[in-house]
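In what follows, a single structure is set out as C-alpha cells and then discussed.
All of the numbers you see were taken from the coordinates with simple rules; none came from a lab. None of these values were measured; they are calculated from a predicted model. Note that we place each Cβ from the backbone using ideal geometry, even for glycine, and neighbour counts take in every protein chain shown.
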Amino acid sequence: MKKKSAPATPALHRTSKNLAIGIDDQHLEAIAQGLSRLLADTYTLYLTTHNFHWNVTGPMFNTLHQMFMTQYNELWTAVDPIAERIRALGFSAPGSYAAFGALTRLQDVPAQPPAAEEMIRILVRGNETVAATARGLLPLVEKAGDQPTTDLLSARMDIHEKSAWMLRSMLGE
Ligand SMILES: [Fe+2]
C-alpha cells in the first residue's frame, strides 16, 4: 500500500487525569497518539485482508483464500489489545471509519478488486508499513519506561514482518 500524504490528526480525548503509573502526562499523550495510529493501520490492514479473502480469483484462489483468512483473523484479534492499552494510558480509543481514515498511513481498499498478485503486493506493503509504524513508536516508549507497550509493539512487529515474508514468498521474492 502507498503512503498517504500528511493526514489531519484527530484530537485525542484524555479520559483519566493524574495517572500515578510513573509515566508523565506528556509521554502518556504521545504514546496514546502513536498507538492510535497503530490501531488505525491494523484495522485498515484487517479490512483490506478480509476484502481480499472475499474477492480473490484465479488459480491461486484456494491457497490465498485460506492464507488471507488466517491473516485477517489474527489482525481482528490484534486490534483489541492495542485499543485497550490506549485506555489503560488514560485516553479514549478511536473506533470510527473517519478516525481510522485520518490516522492510518495505509491506502483504503481498492474500489475494484485487483488481480491476485497485486493483492499480495498490497498486503506485503501494508504489513511492512504497520511494522514501521510500530517501530517508529518504540524509542519514545522505551524512553518513557513503558514496558507493556514495548512488549505489545515487539509482538506486532514480529507478526507483521513474518506475514510480509510469507506473502513475498508467494511472489517468489
Ligand atoms: Fe470466509
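Points worth noting:
- Compared with the direct C-alpha span, the chain from Thr9 to Met60 gains 14.5 nm at full extension, assuming 0.36 nm per residue.
- Cα-based values for the chain, radius of gyration first and Dmax second, are 16.7, 57 Å.
- Since only Phe61, Tyr43, Met157 are under comparison, the one whose Cα sits farthest along the positive direction of the charge dipole of the stretch 25-170, derived from C-beta charges on Lys, Arg, Asp and Glu, is Phe61.
- Axis angle, to the nearest 10 degrees, between helix 61-88 and the longest C-alpha principal axis of the chain: 10 degrees.
- Mean separation of Cα contacts under 8 Å (6+ apart) over length of the stretch 25-170, as relative contact order %: 31
- Cα long-axis angle, helix 116-143 against the chain (0 to 90 degrees, to the nearest 10): 20
- Applied to the stretch 27-33, the Karplus parametrisation 6.51 cos²θ - 1.76 cosθ + 1.60 on θ = phi - 60° returns per-residue 3J(HN,Hα) values of 5, 4, 5, 5, 5, 4, 5 Hz, with x for Gly and Pro.
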